[in-house]
Amino acid sequence: MSVELLRVEHVTKSFGHIEALSDVSLSIKEGEIVGLVGSNGAGKTTLLRLLAGVYTPTEGKVVLSDGSKVEDARHRLGVVPESTGLYSRLTAWENIRYHSRLYGTSDEESWNRTLFFADRLDMKESLGRHTKGFSRGMRQKTALLRALAHAPDVLLLDEPTAGLDVTSARTVRSLVQQLGETGGTVVYSTHQLAEAEAVCNRIIIIHNGEVRADGTPAGLLEQTSTANLEEAYVSLTTDKARTRVVTDKPLSKIARWWQKLSTPKTPGGDESE
C-alpha cells in the first residue's frame, strides 16, 4: 500500500468575495505523478501554493503525513514555479547550493544529488556558468536541480515545460517519469492534456475552483465513456470557464515572493529574485 505524504482536507481558499478553490479534498501518495489539469483561472496555481505553504486555507487544512502543517515543514517540499527566479549573478551551482543551505542540507549531499540529476538533464558542464546568459530551458533545468538537491518528499511543478523548446521539454518530462519510476512523488500542474496523459499516472481535473475528476487516465476515460482525455475533460467541464482569479487581498511576504517568481520577465530584461 502506498504511503500518504500530503493531504488536503476540505480546503476552500477565498480572496475577498472571490472563491478560488471550493471544498477541495485529496491526498498525494508516495510514488505518484499527479497531474493538475485545468484552464487558466481554474485554481491550479492556487492549489500548488497551498500545497507549498505559500497560502494558508480560508477553510480546511493542508498537512503532511505526520500531521504537521506544510508551512512549518517546507524543507520536505521541492518547488519549481513557472518562472525560475534564479540569481543571475550566481552560477547554476551557487544558486542550488544557496537554497540547499537554507534547507539545512550539507554542500556534499547537495552536490552529489545535483551531479546525479544534472547528468540526466545534460547540465553537468554548465553548473559552473553564471545563469545570466542561460536559455529558458537551461534556467528551467537549473530550477529543477535546485528543487531536488535537498531530497524533498514531494516535488511541486507549476507548468514546468511552458515556453520550452521541444528538446528541453522532452528532457524535463523524461526526468519526471524517471522520478516516478524510482518512487519519487511529483505534483505536475499543466493545461496540456497530452502532456499530462504522457507523464502522469494520476490526473486531477480542476475547473472553476472545484475538483471535477480524480483518477488514472484510463479510469477517467471509463468514467466519462470517452475515447481520449480531451473528450473526457470537455465532458467534465461543460460550464463556462471563469476568467483568471485576481486577488484583492494584500499578499504575505512569501506569497509576494512566489508571485515574483511566477511573473514572466520583461523581454530583454535579466531574471533575478
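The values are calculated or read from the model by the stated rules, or taken from the named source; none is laboratory data. Note that the coordinates shown come from a computational prediction; the quantities given were computed from them, not determined experimentally. Don't worry about glycine lacking a Cβ; one is built from the backbone with ideal geometry, like all the others, and counts go over all protein chains shown.
Observations on the model:
- Pairs with Cβ under 8 Å, 6+ apart, first in the stretch 21-40 and within 12 Å of Glu9 (Cα to Cα), second in a loop (DSSP other than H, G, I, E, B) and among the polar types (S, T, N, Q): Ile28/Thr185
- Verdict on Ser83 being more than 15 Å from the chain's Cα centre (by Cα) and assigned to a loop (DSSP other than H, G, I, E, B): no
- Qualifying position, being within 17 Å of the chain's Cα centre (by Cα), of a type in the set (Ser, Thr, Tyr) and surrounded by fewer than 19 Cβ atoms within 10 Å (Cβ to Cβ), among Ser135, Ser174: Ser174
- When residues in the stretch 23-62 are screened for being assigned to a strand (DSSP E or B), more than 29 Å from Ala218 (Cα to Cα) and not acidic (Asp, Glu), 2 of them pass.
- Among residues of the stretch 224-243, those that are assigned to a helix (DSSP H, G or I) and either farther than 16 Å from Leu26 by Cβ or at pLDDT 95 or above (or both), counted: 8
- The set of residues from the stretch 181-207 being assigned to a helix (DSSP H, G or I) and under 12 Å from Leu157 (Cβ atoms) comprises Glu195, Ala196, Val199.
- Any hit, the stretch 111-128, residues being of a type in the set (A, V, I, L, M, F, W, C), in a loop (DSSP other than H, G, I, E, B) and in contact (Cβ under 8 Å) with a residue 40 or more places away in the chain: yes
- Filter result for the condition that a residue is at positive phi and not basic (Lys, Arg), over Gly133, Gly183: Gly183
- Residues that are at pLDDT 95 or above and in a helix (DSSP H, G or I) do occur in the stretch 148-168, at least one of them.
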